[in-house]
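Take a look at the structure set out below.
The values are calculated or read from the model by the stated rules, or taken from the named source; none is laboratory data. Owing to the predicted nature of the structure, the values given are computational and were not obtained by experimental measurement. Here Cβ is always computed from backbone atoms with ideal geometry, including for glycine, and neighbour counts include all displayed protein chains.
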């Protein structure tokens with residue numbers, strides 16, 4: 001049996017950085033970070049926009065590509081664009097982040113750019129999102145990549161079935177989804193609903209993680225501070241993996257662990273634990 005391929009999603013290698021404490025810049029030097037990722041057995045990694053801005057202004061995106069290539073890593077994911085439907089120049093728009101991530105695409109060649117929505121109530125009428133998503137997908141496709149929505153239960157695109165509906169309505173092959181275990185189970189999405197609503201071609205990426213049976217604090221607090229290593233919590237990760245494999249997905253598998261306890265570990269130890277726990281599930 002071929003060992004599953006793993007990707008260290010952005011926060012898994014970020015050390016003490018947290019999405020709850022912007023700017024979310026990792027204190028781990030990027031060369032040390034890439035080396036630790038490779039030594040833990042990952043075939044790829046992710047980076048968030050605050051770290052990408054620092055990399056652009058220091059070693060440059062081609063410098064990062066060279067570091068990754070030297071360690072045999074060719075899969076790099078980048079994130080996160082929110083409020084992508086707001087036109088450039090209007091309040092709340094994120095076009096400066098879009099421009100940063102698309103600037104990184106030429107050197108890093110990501111398989112997709114991860115996008116979210118925005119924290120708040122679930123969107124009732126998503127029609128205003130369709131053309132902006134289609135335009136974003138066209139922009140990505142023109143540069144040889146794709147965009148993948150990560151539905152989050154505390155956000156406007158709250159569930160994977162809703163995300164799948166939006167992607168289907170957009171009708172562009174460069175628009176798809178990221179399936180994150182935490183967001184699946186905390187949203188109350190059943191595996192039957194998942195397999196019934198996801199078309200195989202929509203699944204651009206998967207992220208594995210675990211958590212306690214009940215959220216601790218708000219959903220946002222639970223997701224950034226209380227995730228557990230795969231197999232240490234209540235999620236039916238084997239069932240999720242089986243469902244996704246049935247739909248035709250078989251990696252590379254993202255591993256996204258972030259918590260107060262995890263951030264306190266030395267990055268090399270944390271990455272080793274993350275990889276071992278994911279492999280035990282896969």
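Looking at region 115-137, can you tell me whether even one residue there is part of a loop (DSSP other than H, G, I, E, B), in contact with a helix residue (DSSP H, G or I) (Cβ under 9 Å, 6 or more places away or on another chain) and either surrounded by fewer than 15 Cβ atoms within 10 Å (Cβ to Cβ) or free of Cβ contacts under 8 Å to residues at least 24 places away in the same chain (or both)? No: region 115-137 contains no residue that is part of a loop (DSSP other than H, G, I, E, B), in contact with a helix residue (DSSP H, G or I) (Cβ under 9 Å, 6 or more places away or on another chain) and either surrounded by fewer than 15 Cβ atoms within 10 Å (Cβ to Cβ) or free of Cβ contacts under 8 Å to residues at least 24 places away in the same chain (or both). Scanning region 253-276 for residues that are in contact with a strand residue (DSSP E or B) (Cβ under 8 Å, 6 or more places away or on another chain), buried (at least 17 other Cβ atoms within 10 Å of the Cβ) and not in a loop (DSSP other than H, G, I, E, B) turns up 253, 254, 255, 259, 271, 274, 275. Of all residues in region 173-221, those that are assigned to a helix (DSSP H, G or I), touching a helix residue (DSSP H, G or I) at 6+ places or on another chain (Cβ under 9 Å) and either crowded, with 19+ Cβ neighbours inside 10 Å or touching a residue at least 60 places away in the same chain (Cβ under 8 Å) (or both) total 9. When only residues in region 68-114 that are without any contact (Cβ under 8 Å) to a residue 24 or more places away in the chain and in a helix (DSSP H, G or I) count, which is nearest to residue 255 (Cα to Cα)? Only one residue tops the list, namely 69.
Residue-wise test of (1) at pLDDT 95 or above; (2) within 20 Å of residue 257 (Cβ to Cβ); (3) touching a helix residue (DSSP H, G or I) at 6+ places or on another chain (Cβ under 7 Å); (4) crowded, with 18+ Cβ neighbours inside 10 Å.
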| site | (1), (2), (3), (4) |
| --- | --- |
| 12 | yes, yes, yes, yes |
| 47 | yes, yes, yes, yes |
| 65 | yes, no, yes, yes |
| 70 | yes, no, no, no |
| 94 | yes, no, no, yes |
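When you check residue 36 against the structure, is it modelled with pLDDT of 95 or more and either outside any loop (DSSP other than H, G, I, E, B) or at negative phi (or both), yes or no? Yes, satisfied.
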